[in-house]
Amino acid sequence: MQPDEIMSDPAKELRARDLSRELRCMVCQNQSIDDSEAPLARDLRILVRERIAAGDSDAQVIDFLVARYGEFVLLKPRLNSHTWLLWLLPPLALAGGGFALWTHNRRRAKAGTQDDASPVKLTADEEARLERLIAAEPAPDKPV
């Protein structure tokens with residue numbers, strides 16, 4: 001912030017600084033206009049101070065900037081009909097991911113118990129053949 005931007009009334013300057021922290025720099029996009037050194041951020045800081053000096057309330061200043069630049073100018077978008085998806089999508093995605101994980105774990109647990117409960121059964125012929133093969137093998141400790 002530059003010295004020529006500071007308002008003479010400390011209460012109004014405090015309001016301007018609080019509002020500037022809520023507004024996004026359209027150039028930097030991840031900074032508030034209070035933190036940004038971009039020329040557009042400076043212009044927006046001056047505009048905020050002009051609106052406060054003209055007697056606008058905080059809500060009126062915010063509404064003016066949203067009308068001029070859109071909801072994107074707010075670092076924390078408002079919850080309204082245009083932004084409900086933005087606010088609801090993260091919790092819904094988290095809940096969906098949790099449900100998918102829970103379902104996956106249930107299926108794995110269910111498949112694991114089925115494998116343990118029903119081992120492969122050999123027929124009588126297969127068992128007899130296995131016995132013959134075992135009997136025909138030399139003992140591991142006896143030389144061939």
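Would you mind finding the longest exposed-site-free stretch of the chain, with exposed trypsin sites (Lys or Arg not before Pro) meaning DSSP loop and at most 15 other Cβ atoms within 10 Å? Before the final figure, lay out each step's value.
Details: sites that count: ARG78, LYS121.
No qualifying site falls inside 1-77, the longest such stretch.
Taking loop as defined by DSSP and a crowding limit of 13 other beta carbons within 10 Å, which GluC sites (Glu not before Pro) in the range 1-64 fit?
Sparse-neighbourhood loop GluC sites (Glu not before Pro): GLU37.
Could you tell me how many degrees, from 0 to 90 and to the nearest 10, lie between the Cα long axis of helix 84-117 and the main elongation axis, the longest principal axis, of the Cα atoms of the chain?
Taking the Cα atoms of the chain, the angle to 84-117 is about 10 degrees.
Taking amide H atoms as placed 1.01 Å from N in the peptide plane, list the residues 5 or more away in sequence, or in a different chain, whose amide H sits under 5 Å from that of LEU74.
ARG24
Rounded to the nearest 500 deg cm²/dmol, what is the calculated helix-only ellipticity per residue at 222 nm for the chain, with -39500 (n - 2.57) per DSSP H run of length n ≥ 4?
Mean residue ellipticity at 222 nm (helix-derived): -20500 deg cm²/dmol.
Helix 58-69 versus the longest principal axis of the chain: what is the Cα-based angle in degrees, 0 to 90, to the nearest 10?
70
Taking 8 Å as the Cα distance limit and 6 or more residues as the minimum spacing, I'd like the relative contact order of the chain as a percentage.
16
Would you mind classifying the range 3-73 by shape? Square roots of the alpha carbon gyration tensor eigenvalues, ordered a ≥ b ≥ c; an a/c under 1.5 is rounded, otherwise it is prolate if a/b is larger than b/c and oblate if not.
It comes out oblate by the Cα gyration axes.
Quick one: putting +1 on the C-beta of Lys and Arg, -1 on the C-beta of Asp and Glu, what dipole do you get for the range 3-73 around its Cα centre, in Debye to the nearest 20?
60
Just to confirm a number: summing +1 for Lys and Arg and -1 for Asp and Glu over residues other than ILE134 whose beta-carbon lies under 13 angstrom from that of ILE134, what do you get?
Taking every Cβ under 13 Å from that of ILE134, the sum is -2.
To test your reading of the geometry: what angle, between 0 and 90 degrees and rounded to tens, separates the Cα axis of helix 39-53 from the longest principal axis of the chain?
That helix lies at roughly 60 degrees to the long axis.
Rule-based calculations on the coordinates, nothing more; no lab input. Worth saying up front: this structure is predicted, and the values here are computed from it rather than measured. Here Cβ is always computed from backbone atoms with ideal geometry, including for glycine, and neighbour counts include all displayed protein chains.
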